[in-house]
Structures are given as structure tokens and as C-alpha cells.
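S.K.: Shown below is the structure under consideration.
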Amino acid sequence: MITKTNPLILCTLILLMTANTQAQWRELDKGFTLGVFLSPLYNQNDNIRNDSAQIRILRIDPKRYELHLLNASHPNRGNSLTAIEWGQKERMSAVINAAMYQTDYKTSVSLMRTSQHVNNPRLSKDNTILVFEPLKKNIPQIRLVDRQCDDFQKISEDYGSMVQSIRMLSCTGKNVWQENGRRWSIAAAGIDKQQNLLFIQSTAPHSVHEFVNILNNLPIKLDRAMYMEGGSPSQLYIAAPSDTMIFIGDFSSGGRSASAPPVPNVLGVRKK
């Protein structure tokens, strides 16, 4: 019997089968490694810069780097800034978006807090929460909690900082983002199977469903992942001892962004 196959699903399967899975890792510092992969959605013949078609994955060892949540709503911090401005002001080694925000351009859409400041106290229906700032010894420095598999209420008692956002990859390794055909730049955070923190960014547009499938097939040992931001606000700033890089989400459904917009909430890492 011959059945029709959804062209979008077929296209995704072919792309995944032909994906470039050769790692291009570069150690920027101890416990601070950048992986660069060409997205299988794009190739040399596409009308897009090759560097824009790259997926960047910054692998961070939490034993060597501390994770911080930076909020414009904090009384000591003030206005929203671009990722590079946040990084330079707070002397961070890397900065990425910390979830989406509401129309007041300050408050996260879901739970966001540190032990010193609460940006949003509301726990939404979203299933992933990045927890850090451990409050006792001999526990993981960072965890990406999946509420369908983990007891968040119990885990939350051990951590001072938490950022809630949309789940991309479940604790069972399933792509949980439904395909809708819409594509944009993406910033995400993840944890690999060695419990390293991953800052993930792609300037070229992908649907989130496609993006999760691609990440799952890269040699990065991805364990869990959460969505942080999309479109022109999505940014990744890296300040290594010998190199400084800034990647901006300059593709979206609305066109190309000329420069990085200020964002109110970011995650930053600083060497211990």
C-alpha cells in the first residue's frame, strides 16, 4: 500500500540524515569550549552567509564557572542592555537571554528569581526550570528540572536562583515542540550528559521543532534543553581571554535586524 508522506516531515528526515556531525570544538579557556556546526538546513548554495548558518554551542563547566541571573528590574542594575553591554558591565565570560519577557519589557513571562531579587514569583505551566545558586554543599551546581519527571518543589528548596521557560527536549529525550512551519533565530540553554551547561544560539532561522531534532543529532551529548528567546532579541556574547564574540538573531518572520536590541533579563557566567 502506498501512503502520502508529509513533505515537511520528509524534508526534516533527509536533513537529519545528511547533517554535518563533525565536531568543530575550540577550547577558549579551561572548562569553556565553543562548538560550531553548520546547520543541515543550509549549505554553500543558500542565499545566506555561512557564518550565519552556524549553530554555536558554548559548553561551560559549572565547576569552573558560576551562573548568574541579571535583571534590569533589580534596583541596583537599572535599564535593559544588549548581551555585550550586560557582559562588559558585569564582567561576564558569556551572556545569553534568560527567557522571554512581558510587555513591560522587564518582567519574565514565568518564574524568575534569585536569593536577592524576585523578577516574577509566578510558576507558570511551562515544564522546565533552570535552577542554580546552590544553598547547600554536595549538590549539583546547576540543574535543568523537568516537572514531569522531577519533584520541583523539593529541588527548589536547595537553590536560590531559578529561571522557568519552555521545554524543548524532555527528560526522556523526546522532542516536545510541535512543528508549525514558522522559523526564526533561536537562543536556548541546555545540559549535557556530563552536566555541563550549554549556551546555544543560531542566527539563521529554524523552526524550533527542526532545531531540537538537529541538536539531538549533533555530537554534543545533549540531555535536556529549554527555549530562551527567538528572533532579533536572541543573542550570545562570549568573552574569552583571547577572543570576543557576539552573535545576534538577525533573522525572524519580520525580516532582518540591523543591531542587537536591549534585553531585560540575561544569564551570565563568570569564572570562579
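The values are calculated or read from the model by the stated rules, or taken from the named source; none is laboratory data. None of these values were measured; they are calculated from a predicted model. Every residue, glycine as well, gets a Cβ built from its backbone with ideal geometry; the counts of neighbours run over all protein chains shown. For the accessible areas, the whole protein counts, side chains as well, though only heavy atoms, and no ligand, DNA or RNA atoms are used. Shrake-Rupley method; radii C 1.70, N 1.55, O 1.52, S 1.80 Å.
S.K.: For the chain, what is the accessible area per residue in Å² when the probe is 1.4 Å?
M.R.: Numbers: 13060 Å² over 272 residues.
Result: 48 Å² of accessible area for each residue.
S.K.: While we're on this one: Run down the lysines and flag those whose C-alpha is under 17 Å from the C-alpha of Lys89, throwing out any fewer than 8 positions away in its chain.
M.R.: Partners within reach: Lys271.
S.K.: Can you give the accessible area of Thr244, probe radius 1.4 Å, in Å² rounded to 10?
M.R.: Taking all protein chains as shown, Thr244 has close to 80 Å².
S.K.: Full-extension gain between Thr103 and Ser115, please, as 0.36 nm times their residue separation minus the C-alpha to C-alpha distance. Don't skip to the answer; put the middle values down first.
M.R.: Working: separation 12, 0.36 × 12 = 4.32 nm, distance 2.47 nm.
Fully extending the segment from Thr103 to Ser115 adds 1.9 nm.
S.K.: D for the chain, whole µm²/s, Stokes-Einstein with Kirkwood Rh over alpha-carbon pairs at 20 °C and 1.002 mPa s: what number? Walk me through the intermediate numbers first.
M.R.: Details: Rh = 18.8 Å.
In µm²/s, the coefficient rounds to 114.
S.K.: Report the one residue of Pro134, Gly268, Thr103 whose Cα lies farthest in the direction of the positive end of the charge dipole of the chain (charges on C-beta: Lys and Arg +1, Asp and Glu -1; origin at the Cα centre).
M.R.: Pro134
S.K.: Kindly state, as a whole number, the per residue volume in cubic angstrom of the convex hull around the alpha carbon atoms of segment 94-212. Intermediate values should be presented prior to the final figure.
M.R.: Details: hull volume 15.7 nm³, N = 119.
Hull volume normalised by residue count: 132 Å³.
S.K.: Let me check against my output: what whole-number percent is the relative contact order of the chain, with C-alpha pairs under 8 Å and at least 6 apart?
M.R.: On the way: 640 pairs, mean separation 67.9, N = 272.
Relative contact order for the chain comes out at 25 percent.
S.K.: Would you check the accessible area of Glu27, probe 1.4 Å, heavy atoms only, in square angstrom rounded to 10?
M.R.: Answer for Glu27: close to 120 Å² accessible.
S.K.: Give the cross-link partners of Lys154 among the lysines, using a straight C-alpha distance below 24 Å as the criterion and excluding same-chain residues fewer than 8 apart.
M.R.: Lys63, Lys125, Lys136, Lys137, Lys193
S.K.: With a 1.4 Å probe and all protein chains kept in place, how do Lys154, Lys271 rank by accessible area, largest first?
M.R.: Working: Lys154 135, Lys271 105 Å².
Ranking Lys154, Lys271 by accessible area, largest first, yields Lys154, Lys271.
S.K.: Roughly how many debye, to the nearest 20, is the charge dipole of the chain about its Cα centre, given +1 on each Lys and Arg Cβ, -1 on each Asp and Glu Cβ, and no other charges? Numbers along the way, then the final one.
M.R.: Values: 31 positive and 23 negative charges, 76 e Å.
In debye, rounded to 20, the chain gives about 360.
S.K.: In square angstrom, rounded to the nearest 10, how much accessible surface does Lys272 have for a 1.4 Å probe?
M.R.: In the full protein context, Lys272 sits at about 110 Å².
S.K.: On to the next question. If you keep only loop residues by DSSP, which trypsin sites (Lys or Arg not before Pro) in segment 109-148 have at most 10 other Cβ atoms within 10 Å of their Cβ? Display every interim value, and only then the final one.
M.R.: Numbers: sites: Arg113, Arg122, Lys125, Lys136, Lys137, Arg143, Arg147; in loops: Arg122, Lys125, Lys136, Lys137, Arg147.
Loop-located and lightly packed - Lys125, Lys136, Lys137.
S.K.: Could I ask something else about it? Based on the Cβ-Cβ distance of Leu123 and Lys193, what FRET efficiency does E = 1/(1 + (r/R0)^6) give at R0 = 22 Å, to the nearest 0.05? All intermediate terms of the calculation are to be shown ahead of the outcome.
M.R.: Details: r = 27 Å, r/R0 = 1.24.
Rounded to the nearest 0.05, the efficiency is 0.20.
S.K.: Taking all protein chains together and a probe of 1.4 Å, list Ile142, Ile248 from the most accessible to the least accessible. Could the numbers behind the result be given before it?
M.R.: Values: Ile142 10, Ile248 50 Å².
My answer, sorted largest first, is Ile248, Ile142.
S.K.: Segment 53-121: percent of C-alpha pairs farther apart than 15 Å? Write down the numbers at each step before the final one.
M.R.: Details: 1405 of 2346 pairs.
Across segment 53-121, Cα pairs with separations above 15 Å total 60 percent.
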